[in-house]
1. It is to be established whether one or more residues within the stretch 54-71 are of a type in the set (Phe, Trp, Tyr) and closer than 28 Å to residue 106 by Cβ.
2. Any idea which of 67, 35 is surrounded by fewer than 17 Cβ atoms within 10 Å (Cβ to Cβ), farther than 14 Å from residue 99 by Cβ and basic (Lys, Arg)?
3. Among the helices (runs of 4 or more DSSP H) confined wholly to the stretch 9-128, which include 2 or more residues that are without any contact (Cβ under 8 Å) to a residue 40 or more places away in the chain and under 11 Å from the mean Cα position of the chain (by Cα)?
4. Anything in the stretch 47-78 that is out of contact with any helix residue (DSSP H, G or I) (no Cβ under 7 Å at 6 or more places or on another chain) and of a type in the set (A, V, I, L, M, F, W, C)? List them, or say none.
5. From the residues in the stretch 45-82 that are out of contact with any Lys or Arg (no Cβ under 7 Å at 6 or more places or on another chain) and of a type in the set (Ser, Thr, Tyr), which one is farthest from residue 13 (Cα to Cα)?
6. Can you tell me how many residues in the stretch 1-43 are modelled with pLDDT of 95 or more and acidic (Asp, Glu)?
7. Among the residues of the stretch 86-118, how many are small (Gly, Ala, Ser) and surrounded by fewer than 19 Cβ atoms within 10 Å (Cβ to Cβ)?
8. Name every residue in the stretch 44-59 that is crowded, with 18+ Cβ neighbours inside 10 Å and either hydrophobic (A, V, I, L, M, F, W, C) or modelled with pLDDT under 95 (or both), in order of residue number.
Amino acid sequence: MKKKFLVITANYYKDISSGLLKSSLSLIPKNCIIKIINVPGVFEIPVTISKNLKKYDAFIALGCVIKGETPHFDFISQAATDAIMKLSIDSKKPIGNGIITCLNKKQAIARKKKCAEAANAVLSILSQK
């Protein structure tokens with residue numbers, strides 16, 4: 001049976017998220033069913049996964065949070081990470097966390113290929129018996 005993947009991409013930084021998406025899709029086998037949903041920001045990723053938990057076998061969360069001058073960066077990064085982990089454990093479904101957290105845009109650009117690691121992690125969990 002073909003595995004069904006949902007890839008959720010936060011498009012707040014569209015130039016970064018397009019690179020994240022490309023790198024994650026490069027590892028998903030061609031025989032899988034893939035749906036991509038775009039959301040405005042990282043904070044919307046967990047609820048989108050939650051709404052779709054029964055429809056898919058695996059998920060990949062993609063986005064970028066860049067530190068500004070306020071603590072907002074810390075709150076968003078921690079809330080998204082905690083929610084994704086809880087969803088994965090509670091549902092027993094793999095969710096690759098491809099949300100990069102960076103101190104500046106230069107770091108984000110350098111890391112936009114890192115999401116292949118999130119896809120690889122999901123594939124590893126799916127292959128467990």
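The values are calculated or read from the model by the stated rules, or taken from the named source; none is laboratory data. Just so we're clear, the structure is a prediction, and the values are computed from it rather than from any experiment. As a convention, Cβ positions derive from the backbone with ideal geometry for all residues, glycine included, and neighbour counts pool all protein chains shown.
1. Looking through the stretch 54-71, none of the residues is of a type in the set (Phe, Trp, Tyr) and closer than 28 Å to residue 106 by Cβ.
2. 35
3. Per the criteria, 72-91.
4. If the condition is that a residue be out of contact with any helix residue (DSSP H, G or I) (no Cβ under 7 Å at 6 or more places or on another chain) and of a type in the set (A, V, I, L, M, F, W, C), then 47, 73, 75 are the ones that fit.
5. Taking the candidates together, the pick is 50.
6. Of the residues in that region, 0 qualify.
7. 3
8. Of everything in the stretch 44-59, those that are crowded, with 18+ Cβ neighbours inside 10 Å and either hydrophobic (A, V, I, L, M, F, W, C) or modelled with pLDDT under 95 (or both) turn out to be 45, 49, 58, 59.
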